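What follows is a set of notes on a single structure, which appears directly below.
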């Protein structure tokens with residue numbers, strides 16, 4: 001069972017990645033909301049044939065003019081790659097020879113050479129270890145993919161080029177728009193003393209927003225209202241526990257799903273806590289304008305007390321303390337749980353398994369509910385996983401921006417075509433986007449897919465949908481038309497359809513209900529040393545409180561957290577905040 005549970009959790013991680021990538025062909029560059037006007041195609045093509053007589057900044061070789069200008073003759077840039085087991089290639093291709101390496105050479109005249117390629121991109125994995133060794137030894141390529149912590153090390157070592165002017169000159173208008181779609185923090189996180197020291201690989205913070213998932217066929221069966229307040233959610237939890245919603249005559253259903261790790265995109269307590277205006281693992285402003293750690297604020301104690309109450313009433317799985325997300329998901333799949341706090345991708349895992357087991361099962365996402373008259377807000381972390389830094393000695397630093405420009409234009413720009421998109425992203429079942437070394441992703445992609453599919457569902461006109469939207473819509477239609485085995489279409493409809501989870505995210509965006517973590521810098525010195533220990537303590541204390549320990553143990557936790565490094569971290573965080 002332990003192996004099966006681990007496999008389920010790995011499946012969840014894969015589903016999150018698939019949803020993000022498969023939804024990443026939204027319309028931001030195809031005239032959708034938030035789109036910017038890229039350079040006209042004619043100018044782009046003209047640029048591609050130009051070379052400039054100006055230096056690249058090193059005085060050694062000329063740089064190709066414009067955001068998509070081609071080097072003639074071609075130039076070589078060096079980098080490294082950290083891959084994983086999901087990188088698959090057609091016969092005869094590999095990381096050095098693929099559709100993206102050929103297109104980058106054909107369109108830009110750039111030959112990318114990798115000093116090393118390592119498999120293992122997880123935290124603390126072989127890739128991170130190899131990069132740490134490279135940084136320590138000084139044996140580095142020209143363009144370096146690094147974490148926030150590694151970026152800070154390289155900046156402090158005075159090894160990196162200031163990219164401020166290069167970004168302004170060579171980032172295309174569309175790239176600049178994408179870099180700011182999630183707000184200014186992505187670029188700010190790569191800025192030190194007013195200098196842009198790396199280019200962030202942006203993602204979508206809004207996609208990590210929390211929401212309430214409710215099994216609506218049970219809701220209707222028990223004649224319960226849709227959740228509008230925290231009281232409504234608590235009543236639903238009680239009814240799902242005590243009123244036999246599955247109709248089998250047994251007391252074998254639970255109100256609220258939780259997992260032993262407490263936090264996360266399925267069956268975590270994050271969204272529940274947000275309804276009490278408590279923000280775990282987040283830095284928030286206090287009344288004086290200082291940053292404070294959300295996990296130790298008074299609102300947290302109130303929320304934990306309510307969770308303890310639900311547990312005492314039997315509304316939470318008695319064994320949640322030993323069930324990770326994979327094991328917790330088994331209850332939902334088996335039809336024994338009908339309420340949890342989660343994220344937009346939950347229909348694709350694990351709720352689709354519930355639908356497969358019970359065709360009558362229906363789930364709906366609702367906005368977070370509040371315990372009082374203040375609106376509930378979801379706090380999210382900065383959506384940057386990797387930074388691309390450039391050594392001072394690099395001959396062609398602008399090549400980094402050119403490759404990113406080509407990536408976003410091929411994916412979502414006005415000049416792309418369905419055929420070109422498929423060739424570089426989805427053709428033949430390979431995740432080809434992984435082959436290109438430098439990327440950035442529009443934050444609104446997934447939201448735009450929802451908006452565009454909703455419009456197509458209303459109008460019947462699918463002509464404006466891009467290739468990925470067409471694929472998602474086709475699966476939704478298979479479900480709506482009752483085709484056998486179309487449960488995955490049900491899941492996509494629950495995510496991207498008119499009443500899907502992105503309807504909730506659209507509301508959040510319109511009403512400003514998504515807030516980002518106020519701290520988005522590299523881990524501070526004390527964080528590096530102490531945070532893992534503090535997190536372990538937090539999870540242990542919170543779990544035990546939910547399971548029945550005196551609620552006043554929270555006060556002791558706050559005291560211990562501060563003594564064991566929390567006060568030092570808070571001081572460092574506020575020093576960072578004051579220097580921004």
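In the range 132-143, is there at least one residue being at positive phi and free of Cβ contacts under 8 Å to residues at least 40 places away in the same chain? Yes, some residue in the range 132-143 is at positive phi and free of Cβ contacts under 8 Å to residues at least 40 places away in the same chain.
The condition (being assigned by TED's automatic domain parsing to the domain that holds residue 303, touching a residue at least 60 places away in the same chain (Cβ under 8 Å) and in contact with a helix residue (DSSP H, G or I) (Cβ under 9 Å, 6 or more places away or on another chain)) is satisfied by just one residue among 255, 271, 247: 255. Confirm whether residue 564 is under 26 Å from the mean Cα position of the chain (by Cα) and part of a helix (DSSP H, G or I). No: the conditions fail for residue 564. For the range 402-421, the tally of residues that are part of a helix (DSSP H, G or I) and surrounded by fewer than 17 Cβ atoms within 10 Å (Cβ to Cβ) stands at 3.
Counting the residues of the range 159-178 that are in a loop (DSSP other than H, G, I, E, B) and in contact (Cβ under 8 Å) with a residue 40 or more places away in the chain gives 5. Apart from one condition, residue 264 fits all of (1) in contact with a strand residue (DSSP E or B) (Cβ under 9 Å, 6 or more places away or on another chain); (2) at pLDDT 95 or above; (3) in a loop (DSSP other than H, G, I, E, B); the exception is (2). Quick check: anything in the range 350-368 closer than 30 Å to residue 143 by Cβ, surrounded by fewer than 21 Cβ atoms within 10 Å (Cβ to Cβ), touching a residue at least 12 places away in the same chain (Cβ under 8 Å) and over 25 Å from the mean Cα position of the chain (by Cα)? Scanning the range 350-368 turns up no residue that is closer than 30 Å to residue 143 by Cβ, surrounded by fewer than 21 Cβ atoms within 10 Å (Cβ to Cβ), touching a residue at least 12 places away in the same chain (Cβ under 8 Å) and over 25 Å from the mean Cα position of the chain (by Cα). Scan the range 428-458 for residues that are touching a helix residue (DSSP H, G or I) at 6+ places or on another chain (Cβ under 8 Å), closer than 28 Å to residue 118 by Cβ and in a helix (DSSP H, G or I) and the total you get is 3.
Could you tell me which numbered condition residue 286 fails, if it satisfies all but one of (1) farther than 22 Å from residue 531 by Cα; (2) without any contact (Cβ under 8 Å) to a residue 60 or more places away in the chain; (3) out of contact with any helix residue (DSSP H, G or I) (no Cβ under 9 Å at 6 or more places or on another chain)? Answer for residue 286: the failing condition is (1). Annotation for the range 193-200: no member residue is assigned to a helix (DSSP H, G or I), without any contact (Cβ under 8 Å) to a residue 40 or more places away in the chain and over 22 Å from residue 116 (Cα atoms). Among the numbered conditions (1) within 24 Å of the chain's Cα centre (by Cα); (2) touching a residue at least 12 places away in the same chain (Cβ under 8 Å), the only one that residue 124 does not meet is (2). Scanning the range 100-126 for residues that are assigned to a helix (DSSP H, G or I) and under 28 Å from residue 74 (Cβ atoms) returns 100, 101, 102, 103, 104, 105, 106, 107, 108. In this structure, is residue 163 under 22 Å from residue 399 (Cβ atoms), surrounded by 23 or more Cβ atoms within 10 Å (Cβ to Cβ), in contact with a strand residue (DSSP E or B) (Cβ under 9 Å, 6 or more places away or on another chain) and at pLDDT 95 or above? So residue 163 fits the description; yes. Residue count for the range 373-401 under the criterion of being in a loop (DSSP other than H, G, I, E, B), over 17 Å from residue 141 (Cβ atoms) and either in the same structural domain as residue 181 (by TED's automatic domain parsing) or in contact (Cβ under 8 Å) with a residue 40 or more places away in the chain (or both): the result is 7.
If you go through the range 78-95 and keep only what is more than 25 Å from the chain's Cα centre (by Cα) and loosely packed, with under 15 Cβ neighbours inside 10 Å, you end up with 90, 91, 92, 94.
For the range 109-123, state whether one or more residues are touching a strand residue (DSSP E or B) at 6+ places or on another chain (Cβ under 6 Å), modelled with pLDDT under 95, within 21 Å of residue 200 (Cα to Cα) and assigned by TED's automatic domain parsing to the domain that holds residue 408. Yes, the range 109-123 contains a residue that is touching a strand residue (DSSP E or B) at 6+ places or on another chain (Cβ under 6 Å), modelled with pLDDT under 95, within 21 Å of residue 200 (Cα to Cα) and assigned by TED's automatic domain parsing to the domain that holds residue 408.
Against the numbered list (1) surrounded by 15 or more Cβ atoms within 10 Å (Cβ to Cβ); (2) touching a residue at least 12 places away in the same chain (Cβ under 8 Å); (3) over 30 Å from residue 300 (Cβ atoms), residue 520 comes up short only at (3). For residue 431, the conditions (1) surrounded by 18 or more Cβ atoms within 10 Å (Cβ to Cβ); (2) within 20 Å of the chain's Cα centre (by Cα) all hold with the exception of (1). For the range 291-339, the candidate set comprises residues that are closer than 23 Å to residue 527 by Cα and touching a helix residue (DSSP H, G or I) at 6+ places or on another chain (Cβ under 6 Å); within that set, the residue that is surrounded by the most Cβ atoms within 10 Å (Cβ to Cβ) is 295.
The values are calculated or read from the model by the stated rules, or taken from the named source; none is laboratory data. Bear in mind that the values here come from a model prediction, so they are computed numbers and not experimental data. Methodologically, a virtual Cβ is constructed for each residue, glycine included, from the backbone with ideal geometry; neighbour enumeration extends over all protein chains shown.
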